[in-house]
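Q: Have a look at this one before I ask anything.
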Amino acid sequence: MGMYHVSVRTVLCVSLMSLLATRGYGQEDQGESDKIILHGYFSQAYAKSDNLTVLGIPKGGTFNYRVLALQARYLITDEDQLVVQGRYQQSGISVLNDAAPQIQWMYYQHDFGVVTMALGKVPVPIGLYNNTREVGTLLPFYRASANYYVPGYETIDGAVLSNATRLGAWRLESTVYGGAFTNLFQAPTSSGPVAVSTRTEYNYGTQLWLETPLSGVRIGTQLVSYQAVDAVTFDTTRHTLVGGSIDATFEHAFARGEYLRYAIPGGGPAGQGLIENDMYGEAGVKLTEQWSINTQVPVSLVRYSGRTSRSTYDRALGVKYAPNSDVAFKLEGHRLTGAFSWEPPLVPNPQGKTTYVIASVSASF
Amino acid sequence: MRATWAVLAIMGLSATGLPASADAQEYVVVVNAENPITTLTKKDVAAIFLKQTTHWNDDNPVVPVDQAKGAKLRDVFMRAVVGKSAASMDAYWQTQIFSGKNVPPITRSKDADVLAVVRTNVNAIGYVDAKAPLPQGVKVVAVK
């Protein structure tokens, strides 16, 4: 990701130019000559932990918790588009914070009718939230489940092909993709955690969604053949990620669950291979048109040296107030046992407990 | 667990769409008079306004024209045809936008402006209040 650094001035200039001649969602289109469409989202939070630093949230609390993204789309023709999205993200004292705004996406998209093709640095669909994991107005909590949606794997440098087919009352949405992944995680050192980024060139995968005849209910599956860099030997080996999702979203309630299983070579405490099983369930109810309550339970199990143990167990409860679909205020509390796999392991007590709260405001357009 | 799913399903179903007959008089779907289409199913129209159908049968691109955000007719139309409230449609489009898949249809805030686009663009399709006067060059499509 570091190779796509751009200056703040560049991002502001692009944004300003876009604002001068664009339409956003819900704004009236000014005419057929409008070719540039601007969208964006922003979240600002205050977050505080009562014990360990979790997701960059320190015990003393932080206001340095925000994300901003601006997306510009140029409609070359009815079937051709260029898309660029810049993002700037800060998560408290996390070493994974962006040093500067990043170009997160940049791709060309062509609609062949039957198939849509995107080439470049393209958002890749994995599960329900891979590319909306930080869009606060869409999410029941500040972010999508942090054990499932790990940093990296949000885009692929390559190609993404998508197709949707009606099968009677059912609808199948399928995507295949191939290219390079960037993976981000935090490695412990004697002087504290450091950000580690690895990149592998040859990965491919698919995401399938089957929409059922019951409106709002769909099931999905993910399959990825990926290369991983061994944290100890730095050898690159090929592995398979498998996952499944279920989503039941209605007008006044939702329930969702997802599961992933993948290998992390050299990821065990003694440098041995590790199998990670990440899952979560979440549900919410709208009490009124504006108010909703939501709950989420992420659980991760790791298997190495022939034994399985629970590494992450988070229980979250939150309240969301959304005066309209473009603005949301949230207050959420989490009780975490263990740690998230991409953060430094808890030594000496891997089952350490931490309560953390996040109060946030989000807007999108 | 089974009971929970059943409750959720009922809550969802109870909140989706008005019965078709209740809103049948409130809007009409319109296309350019040169468009050979005379009849569409609700599923066809829904797929067009969700941008799941992107081309007419003759391979020309479909240009859906939506009413502006906040318009009462938009909520009525979306509930009746797509089975989602305007708020759910907003969430749908946010998901489409920020997952990089697509952007919403162009919008117009007045019936006359929707009709103007449909009149001048042979590939356009829109919906307007059933009482709105239709100009020449625009025709109503029966939705079954």
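Q: Quick check: anything in the stretch B:90-112 more than 24 Å from A:A72 (Cβ to Cβ) and either among the aromatic types (F, W, Y) or at the interface with chain A (Cβ under 8 Å from one of its Cβ atoms) (or both)? Full working, then the answer.
A: Residues of the stretch B:90-112 that are more than 24 Å from A:A72 (Cβ to Cβ), as a first pass: B:110-112.
This time we only want the ones that are either among the aromatic types (F, W, Y) or at the interface with chain A (Cβ under 8 Å from one of its Cβ atoms) (or both), so: none.
No, that holds for no residue.
Q: Also, I was wondering about something else. Is there a residue being within 30 Å of A:N294 (Cβ to Cβ) and in a loop (DSSP other than H, G, I, E, B) anywhere in the stretch A:252-271?
A: Yes, some residue in the stretch A:252-271 is within 30 Å of A:N294 (Cβ to Cβ) and in a loop (DSSP other than H, G, I, E, B).
Q: For B:R74, work out the one condition from (1) at pLDDT below 95; (2) in a helix (DSSP H, G or I); (3) more than 27 Å from A:A118 (Cβ to Cβ) it doesn't fulfil.
A: Against the list (1) at pLDDT below 95; (2) in a helix (DSSP H, G or I); (3) more than 27 Å from A:A118 (Cβ to Cβ), B:R74 comes up short only on (1).
Q: So which residues in the stretch A:106-142 are more than 12 Å from every other protein chain (Cβ to nearest Cβ) and in contact (Cβ under 8 Å) with a residue 60 or more places away in the chain, if there are any at all?
A: Within the stretch A:106-142, A:F141, A:Y142 qualify.
To keep it simple, each residue is scored yes or no on (1) under 30 Å from A:H252 (Cα atoms); (2) part of a loop (DSSP other than H, G, I, E, B).
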position	(1), (2)
A:L161	no, no
A:A180	no, no
A:T189	no, yes
A:V196	no, no
A:R199	no, no
A:N203	no, no
A:R218	yes, no
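Q: Let me ask another. Which pairs turn up if I take residues in the stretch B:49-76 that are more than 8 Å from chain A (Cβ to nearest Cβ) and look for partners that are of a type in the set (A, V, I, L, M, F, W, C) and open to solvent by 40 Å² or more (accessible area, probe 1.4 Å) with beta carbon separation below 8 Å, at least 6 apart in sequence or on another chain?
A: B:N60/B:V122; B:V76/B:L18
Q: Follow-up question, since we're still on this one. May I ask you to say which residue of A:V319, A:V285, A:V302 is within 14 Å of chain B (Cβ to nearest Cβ), part of a strand (DSSP E or B) and over 20 Å from the mean Cα position of the chain (by Cα)?
A: Going through A:V319, A:V285, A:V302 in turn, the sole match is A:V285.
Q: Looking only at the stretch A:150-161, how many residues end up being away from chain B (no Cβ under 12 Å) and either touching a Leu at 6+ places or on another chain (Cβ under 6 Å) or at pLDDT 95 or above (or both)?
A: 6
Q: Let me ask something additional. Got a number for residues in the stretch A:231-255 being among the hydrophobic types (A, V, I, L, M, F, W, C) and closer than 23 Å to A:N277 by Cβ?
A: Quick first cut of the stretch A:231-255, residues among the hydrophobic types (A, V, I, L, M, F, W, C) only: A:231-232, A:234, A:241-242, A:246, A:248, A:250, A:253-255.
The next check asks that each one be closer than 23 Å to A:N277 by Cβ; those that pass are A:231-232, A:241-242, A:246, A:248, A:255.
Total satisfying the criteria: 7.
Q: Could you run through the stretch A:322-365 and say how many residues are more than 14 Å from every other protein chain (Cβ to nearest Cβ) and either assigned to a strand (DSSP E or B) or closer than 28 Å to B:S88 by Cα (or both)?
A: The number of residues fulfilling the criteria is 19.
Q: Checking the structure you have, find out if any residue of the stretch A:301-310 is open to solvent by less than 30 Å² (accessible area, probe 1.4 Å) and of a type in the set (G, A, S).
A: No, the stretch A:301-310 contains no residue that is open to solvent by less than 30 Å² (accessible area, probe 1.4 Å) and of a type in the set (G, A, S).
Q: Any residue at all in the stretch A:165-178 that is under 23 Å from the mean Cα position of the chain (by Cα) and closer than 25 Å to A:V232 by Cα?
A: no
Q: Could you list, in sequence order, all residues of the stretch B:77-96 that are open to solvent by 40 Å² or more (accessible area, probe 1.4 Å) and part of a loop (DSSP other than H, G, I, E, B)?
A: Of everything in the stretch B:77-96, just one residue is open to solvent by 40 Å² or more (accessible area, probe 1.4 Å) and part of a loop (DSSP other than H, G, I, E, B), namely B:K84.
Q: Right, something else. Out of curiosity, is B:V103 touching a His at 6+ places or on another chain (Cβ under 9 Å) and not in a helix (DSSP H, G or I)?
A: Judged against the criteria, B:V103 is a match.
Q: Does B:G100 satisfy the condition of being on the phi > 0 side of the Ramachandran plot and either of a type in the set (D, E) or modelled with pLDDT under 95 (or both)?
A: So B:G100 fits the description; yes.
Q: Another one. Is there a residue being at pLDDT 90 or above, within 9 Å of chain A (Cβ to nearest Cβ), in contact with a Ser or Thr (Cβ under 7 Å, 6 or more places away or on another chain) and in a loop (DSSP other than H, G, I, E, B) anywhere in the stretch B:35-47?
A: no
Q: Identify all residues within the stretch A:59-102 that are more than 30 Å from B:V63 (Cβ to Cβ) and basic (K, R); write none if there are none.
A: Listed by number, the residues that qualify are A:K59, A:R66, A:R87.
Q: From B:V143, B:V63, which residue is open to solvent by 10 Å² or more (accessible area, probe 1.4 Å), over 30 Å from A:T175 (Cβ atoms) and not hydroxyl-bearing (S, T, Y)?
A: Of B:V143, B:V63, the one residue that is open to solvent by 10 Å² or more (accessible area, probe 1.4 Å), over 30 Å from A:T175 (Cβ atoms) and not hydroxyl-bearing (S, T, Y) is B:V143.
The values are calculated or read from the model by the stated rules, or taken from the named source; none is laboratory data. On a predicted model such as this, the values are computed, not experimentally measured, just so you know. FYI the Cβ positions are ideal-geometry reconstructions off the backbone, even for glycines, and counts take in every protein chain you see. For the accessible areas, the whole protein counts, side chains as well, though only heavy atoms, and no ligand, DNA or RNA atoms are used. Shrake-Rupley method; radii C 1.70, N 1.55, O 1.52, S 1.80 Å.
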